[in-house]
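What follows is calculated from the coordinates using simple rules that are stated; it is not laboratory data. Just so it is clear, the model here is predicted, and its values are computed rather than measured.
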Amino acid sequence: MQAFVDFMNGIIWSPALIYLCLGAGLFYSILTRFVQIRHFGEMWRLLFSGKSSDKGISSFQALAVSLSGRVGTGNIAGVAAAIGFGGPGAVFWMWVVAFLGAATAYIESTLAQIYKEEQDGQYRGGPAYYFEKAMGQKWYAWIFALATILACGLLLPGVQSNSIGNAVEMAFGPGQMIQTGMGELSSAKIMSGLAVVLILGFIIFGGVKRIARFTEVIVPFMALAYIIIACVIVALNIDALPGIFAMILSDAFTPMAGVGAAIGWGVKRGVYSNEAGQGTGPHAAAAASVQHPAQQGLVQAFSVYIDTLFVCTATALMILITGAYNVHGMGDSFLVQNITASAAANSPAFTQMAVESVLPGVGKPFIALALFFFSFTTILAYYYIAETNVAYIKRSLNIPGLTLALKVGLMSATFYGAIKTANLAWGLGDVGVGLMAWLNIVGIVAIFFMAKPALKALKDYEAQQKAGVSEYSFDPEKLGIENADYWTGKAKAKPSSQADDDDTLMGEPARA
């Protein structure tokens, strides 16, 4: 199984996908005139300006749901893997893919807002919806929907729960070893897997509103606590900080494991963590109640910064500044070995050792707790993404029990991941991420050459911003955007100077 998964990843994560991710980010950065820099202040304002409605969630809740997908085990174990296999220079390439990926995140999230629909009393949207409506290729939309259900429903949850199980086992010991049909397993992993599945079931059977309420509280709190701990560790070793940045920058271009390894692992783990271009973020973006599609695009672009430039950087600095890492070479050799060879790079071990070395007795349980919340909320986001694509399929083929089957399948995959080896879990996750990234990036580039809807929305938003309007409006027909049925209907229902019942909840009046 491991050999087959590695073979698939060798095909999916070829250099072509690495440079496609970077190239798409650069392409959209130039076309939007680096929207991720120009509108940084507007991104911050929009975070707190909107409110939820009966059919949608607020901009901040949408950010929290998408961040719950972005901020997960990739920020802890994923960063460790990037360093362990690509050297410290991989961190630089994570920064690059985050900076460029913010523009890609703007494009895909704005597309999700433009082409969203109202289904079963709530807003739905994402790549499958905009591929059908903007590209006019329903078959392509179906392929993405099926790939996403496979990836987010079955392949990716195991990566998150695996890190939880490993962190708990490292923090509190394996406990009693139990012989099962799947081999000998530690009671620590079994119990942590069962705990995750039970809590997960309670929340996902409560719907998107319950997911949004849970994540908007947990994600900011845990991210802030994690960054504070990182700042304490860096402050205690502040004299080493300039050397760490110098090592990251120098190793990015003349790295220990070769330029290809640094770029490859930096981009792979960067995309896995911040999800820019992967096509997961647009699902939460479409659920938000906003006055203009570009607003949610800007909010989602900011979430990439939070994920990689804040949380991933915090992890990288903790690991590097304490020297709690190894760099793997060919075979079983090490290019750098600072800690025991048994510390798996595809696990939270580096991060736990880093915190433990500065705060004895705190590091292992704290990282286990952080991983639990980060990874658990990511699994919730995966469920919401998979459910949205099930809803898309049910528009054309209403199969009874499909949503229930998804819930059972995701919970089973979560438990299975908690008790299996890290390498297999990560390998399956990489297959899922790679499939979605290929389909989504190729699709949004094709949409650009067909219609440029996200760029038209940005220009329209900037024009209204410059005019100092008190309330934003969006009329796709005036912009030459077709099949944006929700926004077209809304524009025709009432003049743009008035707000309908939902719009009174969509946000505060804009400031010029």
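Based on the Cα coordinates of region 273-401, what is the per residue volume of their convex hull in Å³? All intermediate terms of the calculation are to be shown ahead of the outcome.
On the way: hull volume 23.7 nm³, N = 129.
Convex hull volume per residue, Cα atoms: 184 Å³.
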- Message: Report for region 2-505 the percent antiparallel among DSSP-assigned beta bridges with both residues inside it, nearest 5.
- Response: 90 percent
- Message: Please report, in whole Å³, the volume per residue of the convex hull around the C-alpha atoms of region 334-472.
- Response: 257 Å³
- With the calculation restricted to Cα positions, what are the radius of gyration and Dmax of region 2-505 in angstrom? 21.9, 69
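Quick one: which of LYS133/LYS420; LYS407/LYS459; LYS394/LYS492 span more than 30 angstrom between C-alpha atoms? Working shown, then result.
Numbers: LYS133/LYS420 40 Å; LYS407/LYS459 41 Å; LYS394/LYS492 28 Å.
Result: LYS133/LYS420; LYS407/LYS459 exceed 30 Å.
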